[in-house]
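Below: one structure, written as structure tokens.
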Amino acid sequence: MSRLHDPFLRGQVAIAALFLSLGFQYATWAARIPAVKADLDLSAAEVGVLLMAAGVGAAVSFPAVAWLMRRMGSRRLALLSQLGLALLLLALAVAPNYPVALLVMCVDGVLVGCLNVAMNAQGAALEARHARNTMARLHAVFSAGSLLAALLASGMTAATGSVAAHFGVAVVLLAALGATARTGLLDDDAPAAAPAPAGPKPARRRWTVPARPTLWMCCAMVFGTVAEGAMNDWSALYLKDVAEAAAELAPLGIAVVSGMMVVARLFADGWRSRWGDGRVVLLGSAVAGTGLAVALVSGGIAPALAGFACMGLGIAAVTPCVYAAAARQGSDALTLVAAMGTTGLLAGPPLIGFIAGASDLAWGMGAVAASAGAVALCSTRIRWTAPAPVTQGEATPA
């Protein structure tokens, strides 16, 4: 069968467009926070609250996202939330004052929660339908989207100081990605990753306390995304202020973390097939936490970069594996776990900033290492499935 007509590849490309969109949109507005700060004449504390607004929106979105998933299905919800996130970039660019900007960022957090759940549900359904691992490579595309956004931000900042012009170009690219996604997303009548239990359906769905394995997945996801988000936002500053690296070397922190995460996610689906998701998460998070902790104790530029590399390598597969495990528990479990992941990703960097402000950045990065260690502990309480068989062509990245 031609690869062009391979249903697995077609679905993989469409879902990858969603992951690319989310990473691109998130990094696009994050890259222009200094310009937004200047345009609205915000203090550092107000910027911190602005960043927290997105995390608050993600945290409170769980009931709405669960309801929307049941009403609309993952395909429609993914496409609509992807479009909404594109339009919110324009809203942020023209926000006339601080309260409006706060509202925009809060809504952004809700829509990030919607897209995060829907695209991971699509990825899990693709794995279930074709019995092939792909979640890690889809998350690698998310990281690539952040890198693409950083490159575009650098170019647009050099060309023009207009945030509206920058975000306008970004919206065009997001529209193209949305059109790509429409062509191959799975219909919601596809085989579910977790079959519904036999017997009559209840007349009404009522909220119940999540099962214990789901709660452990939530904990692992929060700690994993706190570590992931904090490394992207604080590694450069740690090199400059703590390790006393030259200004031109400071960006290497982000480059090392992001580069190692992309590489690890490209290969992680093969690791999952050989060793199982549980072992990959346990060993990876242990390497991440231990490597960063040793680097912080050692001090210096070279140990810091080595520790950052350990963190990127080890933490990369955590979210794909936990999302896949949550999807097997049903859509409500996936929604809750994804909401916790979005909250950790958006609220983690400000939290580390508060710790650094109360002590210093070395202690803040120590909290990141502790978060990775907490993931390892949580992974021992999660019900993982046996390794999936390696199918022909699985080692080829999307």
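The values are calculated or read from the model by the stated rules, or taken from the named source; none is laboratory data. None of the values given here were measured: they were computed from a predicted structure. Note that we place each Cβ from the backbone using ideal geometry, even for glycine, and neighbour counts take in every protein chain shown. These area figures cover heavy atoms from the full protein model, side chains too; ligands, DNA and RNA do not enter into them. Shrake-Rupley method; radii C 1.70, N 1.55, O 1.52, S 1.80 Å.
Of the peptides 16-23, 348-355, 45-52, the order by per-residue mean of other Cβ atoms within 10 Å, starting with the highest, comes out as 16-23, 348-355, 45-52.
Note that the stretch 225-299 shows a convex hull volume over its alpha carbon atoms of 86 Å³ per residue.
Take the Cα of Ala176, step 7 Å toward its Cβ, do the same at Arg279, and the gap between the two points is 4.2 nm.
Computed with a 1.4 Å probe over protein heavy atoms only, the accessible surface of the chain comes to 43 Å² per residue.
Helical runs (DSSP H, four residues minimum) scored at -39500 (n - 2.57) apiece and divided by the length of the chain put the mean residue ellipticity at 222 nm at -27000 deg cm²/dmol. Shown for the chain: the carbon plus sulfur share of the solvent-accessible area, taken with all protein chains present and a 1.4 angstrom probe, equals 67%.
Put one equal scatterer on each alpha carbon of the chain, apply the Debye formula with no solvent term, and list log10 I(q)/I(0) at q = 0.13 1/Å to two decimals. Relative scattering, expressed as log10 I(q)/I(0), comes to -1.08.
Peptides 284-294, 92-102 ranked from most to least packed by the mean count of surrounding Cβ atoms within 10 Å: 284-294, 92-102. Are there any helices in the chain, counted as whole DSSP H runs, that stretch 18 Å or more along their axis by Cα and score at least -0.5 on average by Kyte-Doolittle, and if so which? Sorted by number, the helices that extend far enough and score high enough are 7-31, 44-60, 62-93, 98-130, 135-159, 163-182, 212-241, 252-275, 277-298, 301-315, 331-358, 361-379. For the stretch 212-371, the Kirkwood hydrodynamic radius from C-alpha pairs, put into Stokes-Einstein at 20 °C and a viscosity of 1.002 mPa s, yields a diffusion coefficient of 137 µm² per second. When Trp216, Trp275, Trp29 are compared by accessible area at a 1.4 angstrom probe, the order from most to least is Trp275, Trp216, Trp29.
Dividing the convex hull volume of the alpha-carbon atoms in the stretch 62-115 by its residue count gives 59 Å³ per residue. A quarter of the convex hull surface defined by the alpha-carbon atoms of the stretch 38-186 gives 9.6 nm² as the mean projection. Using just the C-alpha positions of the stretch 121-164 as equal point scatterers, what log10 of I(q)/I(0) does the Debye formula give at each q in 0.31 1/Å? Per q value, in the given order, log10 I(q)/I(0) is -0.99.
Accessible area per residue (1.4 Å probe, heavy atoms of protein chains only) ranks Asp41, Asp360 as Asp41, Asp360, with the largest value leading.
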